[in-house]
Amino acid sequence: MNLNGKNAIITGGSRGIGKEIALILAKNGADIVINYSNNAKKATEVVDMIKDMGRNAYAIKADISKMDEAKKLIKEAYEKFEKIDILVNNAGITRDNLIMRMKEEEWDDVIEVNLKGTFNVSKSIIRKMMKQKSGSIINISSVVGITGNPGQCNYAASKAGIIGFTKSLSKEIGKKNIRVNAIAPGFIQTEMTDNLNEDIKEEYLKNISLGKFGSALDVANAVLFLSSDLSQYITGQTIVVDGGLSV
């Protein structure tokens with residue numbers, strides 16, 4: 001897939017799924033802005049990997065849960081590139097707990113980063129994309145936002161909200177040639193899932209039709225498709241990448 005001449009922002013792009021997305025888009029010709037909130041070293045490592053491919057890349061620090069910082073991210077990205085063609089709202093956190101034990105801040109933190117962060121960055125870029133009359137916004141949701149999961153009321157609510165947000169925004173800006181889609185990964189092997197108890201992993205595996213866990217590359221390939229012209233007539237959709245977990 002040819003992304004030559006296209007520029008992308010990936011929030012939470014310094015590790016895990018975000019890192020893999022950044023690398024696959026760069027490999028296919030895009031120049032990249034990596035957004036990160038804390039780990040400058042990891043973000044710089046990803047930038048260096050992209051530059052080694054012969055692409056341009058920059059790391060921009062911003063806490064996208066805050067509107068002022070989301071605006072700063074977009075402003076700085078447009079200072080690096082005259083236009084942004086692809087926005088991947090990937091940044092996300094978990095604060096798992098049963099609701100009886102869940103603290104208010106555990107609820108608020110997840111909603112602020114996952115859902116409000118998606119709103120903040122999208123709102124901050126939308127006028128510029130409308131002016132250029134093109135763009136692809138890809139929001140990383142989760143299969144948990146479709147099926148629910150015990151101990152993840154906050155996370156599931158944030159990811160379900162992203163799906164609703166995706167559908168609504170796609171209807172608002174489709175006539176400006178801007179597509180908005182979501183991807184709902186299932187059990188993807190990342191640093192986040194590596195910390196789970198082995199018994200929990202085995203229980204998940206029993207319910208996955210393909211009999212294996214997914215990789216960050218599986219998600220990144222779906223993002224690549226939605227970033228390319230091959231998906232030019234797809235908007236408002238949620239692509240589930242879960243090996244059959246939610247079937």
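Computed from the coordinates by the stated procedures, all read-outs in this text should not be read as laboratory data. Just so it is clear, the structure is predicted and the values come from calculations on it, not from any experiment. Heads up, the Cβs are rebuilt from the backbone with ideal geometry, glycines too, and the neighbour counts pull from every protein chain shown.
Data for the structure
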quantity: 0 to 90° range, to nearest 10: angle between helix 117-132 axis and the chain longest Cα axis; calculated: 30
quantity: Residue exposure sequence - Val247, Val46 - by fewest surrounding Cβ within 10 Å; calculated: Val247, Val46
quantity: Amide proton proximity set for Val241, modelled H, under 5 Å, gap of 5+; calculated: Ala184, Gly186
quantity: Value of relative contact order over the stretch 139-247, rounded to a whole percent, pairs C-alpha under 8 Å and six or more apart; calculated: 35
quantity: Theoretical gain in end-to-end length, Asn97 to Asn177 [0.36 nm per residue, Cα-Cα removed]; calculated: 24.7 nm
quantity: Amide proton proximity set for Gly236, modelled H, under 5 Å, gap of 5+; calculated: Val180, Asn181
quantity: Cut-off 10 Å between beta-carbons: net charge of the residues surrounding Asp109, Lys and Arg +1, Asp and Glu -1; calculated: -3
quantity: Total charge dipole magnitude, the chain, about the Cα centre, Cβ charges on Lys, Arg, Asp, Glu only, Debye to nearest 20; calculated: 1180
quantity: Residues of type lysines that Lys19 reaches as a straight line, Cα spacing below 17 Å, ignoring anything fewer than 8 places off in the same chain; calculated: Lys27, Lys41, Lys42, Lys51, Lys61
quantity: Contour excess over end-to-end distance, with Cα ends at Glu79 and Asn221 and 0.36 nm allotted per residue; calculated: 48.3 nm
quantity: Helix 216-227 vs. the chain, principal-axis angle (Cα, 0 to 90°, nearest 10); calculated: 40
quantity: Relative contact order of the stretch 9-144, defined on C-alpha pairs under 8 angstrom at six or more residues apart (%); calculated: 24
quantity: Computed over the stretch 7-241: relative contact order in percent, which uses C-alpha pairs under 8 Å that are six or more apart; calculated: 19
quantity: Binned Cα-Cα distance frequencies in the stretch 142-195 - 5 Å width, integer %; calculated: 4, 19, 21, 21, 14, 10, 6, 3, 0
quantity: Fewest-first sequence of Thr193, Thr94, Thr166 by Cβ atoms within 10 Å of each Cβ; calculated: Thr193, Thr94, Thr166
quantity: Convex hull of Cα atoms in the stretch 7-241, direction-averaged projection (nm²); calculated: 12.4
quantity: Using a Förster distance of 51 Å, the FRET efficiency for Met130-Asp199 (Cβ separation, nearest 0.05); calculated: 0.55
quantity: Excluding exposed DSSP-loop trypsin sites (Lys or Arg not before Pro) (at most 13 other C-beta within 10 Å), longest clean stretch of the chain; calculated: 1-100
quantity: Where labels lie 7 Å past Cα in the beta-carbon direction, separation of Lys167 and Glu191 in nm; calculated: 3.4
quantity: Where only alpha carbons of the stretch 41-168 are counted, the Rg and the Dmax (Å); calculated: 16.2, 51
